[in-house]
Amino acid sequence: MATLCGGTSPSKDADEKIQKICDSVKHHAEAKSGKNFEIFKAVSYTSQVVAGTNYFVKVHTGGDEHIHLRIHVKLGGEIELAAIQHPKSAQDPIAYF
């Protein structure tokens, strides 16, 4: 399936690269949610090419609790947590937010 310019990609299983990106914004996610996450495992993601790349990542945070992160990786490689959605469940699909 082709990705439309500006649209998000189909959902994919998270890999080591996505986990590293998530790890780099974990403290920001904890600050924005007001929670400390013992578990912070990227499960799946979609991406959107803009001036850099937006990643929409489902992250398992323990039990049936998940959060969704929108992470922007700028063209120069700088990583920024743009938004967070919580609480989420394992069944909630990742969508643009």
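The ratio of the alpha-carbon radius of gyration of region 29-91 to the globular-protein estimate 2.2 N^0.38 Å is 1.13.
Summarising the strand pairing of region 12-88, around 100 percent of its internal DSSP beta bridges are antiparallel.
Among LYS26, LYS35, LYS74, which one moves the most in a GNM of the chain with springs linking Cα atoms closer than 10 Å? Looking only at LYS26, LYS35, LYS74, the largest GNM fluctuation is found for LYS35. Axis angle, to the nearest 10 degrees, between helix 16-33 and the longest C-alpha principal axis of the chain: 60 degrees.
Please rank HIS27, HIS86, HIS60, fewest neighbouring Cβ atoms within 10 Å first, as an exposure proxy. Don't skip to the answer; put the middle values down first.
On the way: HIS27 12, HIS86 16, HIS60 19.
The fewest-first ordering by Cβ neighbours comes to HIS27, HIS86, HIS60.
Across the chain, the relative contact order, built from alpha-carbon pairs under 8 Å that are at least six residues apart, equals 24 percent.
Relative to the Cα centre, the charge distribution of the chain, modelled as +1 at Lys and Arg Cβ and -1 at Asp and Glu Cβ, gives a dipole magnitude of about 180 debye. Counting beta carbons within 10 Å around each of PHE56, PHE97 and listing the fewest first gives the order PHE97, PHE56.
Among THR61, THR8, sorting on how many other beta-carbon atoms sit within 10 Å of each Cβ, with the fewest leading, yields THR8, THR61.
No value in this document is a laboratory result; all are computed from the given coordinates. Keep in mind it's a predicted model, so treat the numbers as computed, not measured. Here the Cβ is made from the backbone with ideal geometry for all residues, glycine too, and neighbour counts use every protein chain on show.
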